[in-house]
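Single-structure report; data block below.
The values are calculated or read from the model by the stated rules, or taken from the named source; none is laboratory data. Since the structure is predicted, the reported quantities are computational estimates derived from the model, not experimental observations. Heads up, the Cβs are rebuilt from the backbone with ideal geometry, glycines too, and the neighbour counts pull from every protein chain shown. Heads up: the accessible areas ignore ligands, DNA and RNA and are worked out on the full protein's heavy atoms, side chains in. Shrake-Rupley method; radii C 1.70, N 1.55, O 1.52, S 1.80 Å.
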Amino acid sequence: DDRRGEAAVRRSLARGEAYLKEWIARAAIAFAEDPGAAARLGLADQADGPEPQAVLSRILLAHAELAQGRWRAAKAELDRLAAVAPALALELRVVLATLPFVELEERELRDLLAATASPPAPSAGYAAPGQLSLQPPWTGRYARGLLHVALREPGAALDVARELERPAEPGLTQTPRDDTLLVDLRRQLARVIRVRALEQAGDARAALELLGE
């Protein structure tokens, strides 16, 4: 709550690299529990365009709005993201819409499920040099799995989990290290779907066991 100190930080950030503003906003949200910091630090000023840092800033703004209970504002941020990264924006809309504390009507969930059936083509980008893409080509399946859970369709959700647990299609990665990371990511995403389905069915014990340590 040191507004004078915060103003000094904002002035310094105006002269710094773009990534610093995002990092400090994340720190304020995580450690000071202040989701409004993302807007006050001016993250929107660097959130337009397809560059990785702009995309990351827009993503953080969407999460920060939802953390303050503003689903419509979060959707508006994702609409802006869709102008430069439509597939990623759709996937993030699903991930946020299916969080346990967001209660949407079935109609809206069905509309999202229909959108994931023929999503925009994923981009190979949205990653800085040397980093994995924010959106490997198969992660739209994860979004469908989350929607099936939210719609209380456990059979369809587990079908998606099994798809993710199968070996990845060839040609998605460039290095053996990337292959290892993506295989592990696929398994973790499948586990999240399975855990959510168990939790929704009322079996918290089995969900916790599946999460493990």
Item to complete: Sticking with the crude label model, points 7 Å out along Cα→Cβ, report the distance from Glu106 to Gln53 in nm, one decimal please.
Response: 4.7 nm
Practice prompt. Hey, can you find the accessible area per residue of the chain for me, probe 1.4 Å, expressed in square angstrom?
Written response: 58 Å²
Item to complete: May I ask you to order 56-65, 154-163, 38-47 by the average number of other C-beta atoms within 10 Å around their residues, highest value first?
Response: 56-65, 38-47, 154-163
Worksheet entry | Cα convex hull volume per residue for segment 1-80 (Å³) | 77 Å³
Worksheet item: Which length gain, in nm to one decimal place, applies between Ala32 and Asp45 when the Cα-Cα distance is subtracted from 0.36 nm times their residue separation?
Response: 2.5 nm
Worksheet item: Using a Förster distance of 45 Å, how high is the FRET efficiency between Leu181 and Arg3, based on the Cβ-Cβ distance and rounded to 0.05?
Response: 0.60
Worksheet entry | Förster-model FRET efficiency, 22 Å R0, Ala67 and Ala114, C-beta, rounded to 0.05 | 0.20
Worksheet, complete the sentence: HN-Hα couplings for segment 93-110 via Karplus (6.51, -1.76, 1.60; θ = phi - 60°), in whole Hz with x for Gly/Pro, come out as 4, 5, 4, 6, 5, 9, 4, x, 8, 9, 10, 10, 5, 4, 4, 5, 5, 5
Discussion item. At 1.4 Å probe size, put Asp48, Asp203, Asp34 in order of accessible surface, largest to smallest.
Written reply: Asp48, Asp203, Asp34
Discussion item. With +1 on the Cβ of every Lys and Arg and -1 on the Cβ of every Asp and Glu, and nothing else charged, how large is the dipole of the chain about its Cα centre, in debye rounded to the nearest 20?
Written reply: 240 debye
Worksheet item: Between Arg11 and Glu165, what FRET efficiency comes out of the Förster formula 1/(1 + (r/R0)^6) with R0 = 35 Å and r the beta carbon distance, rounded to 0.05?
Response: 0.10
Worksheet item: With the dipole of the chain worked out from charges on the C-beta (+1 for Lys and Arg, -1 for Asp and Glu) around the Cα centre, which of Ala150, Ala97, Ala44 lies farthest toward the positive end?
Response: Ala44
Worksheet entry | segment 1-84 - charge dipole about Cα centre, Lys and Arg +1 at Cβ, Asp and Glu -1, debye rounded to 20 | 180 debye
